[in-house]
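Asker: The structure follows.
Each value in this text was obtained by applying a stated rule to the coordinates, not by laboratory testing. The structure displayed is predicted, hence computed values, not measured ones. Cβ coordinates were reconstructed from backbone atoms using ideal geometry, including for glycine residues, and neighbour counts include every protein chain displayed.
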């Protein structure tokens with residue numbers, strides 16, 4: 001049986017949670033479509049979704065979610081249902 005120290009366990013847990021979902025501005029969706037899909041994927045308010053959408057338009061991309069790889073992949077899949085350009089990165 002392999003023994004793991006508390007410090008190593010904390011480091012592994014921290015590393016597992018440092019994934020994020022990046023939404024890119026692809027110029028092919030209406031503002032309202034992006035807002036709707038963000039509220040669906042993130043469970044956030046319309047105001048928050050609008051802030052993310054404005055940021056993506058201004059900068060070209062925005063980080064919309066942080067968490068474990070599997071949670072990020074779930075969020076990215078929901079956002080991608082309508083063809084939004086997203087990626088999951090660490």
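Asker: Can you sort 72, 28 so the residue with the fewest Cβ neighbours within 10 Å comes first?
Answerer: 28, 72
Asker: Follow-up question, since we're still on this one. May I ask for the Kirkwood hydrodynamic radius of region 15-89, worked out over all distinct Cα pairs and given in angstroms to one decimal?
Answerer: On the way: mean 1/r = 0.0837 Å⁻¹.
For region 15-89, inverting the mean 1/r across all distinct Cα pairs yields 12.0 Å.
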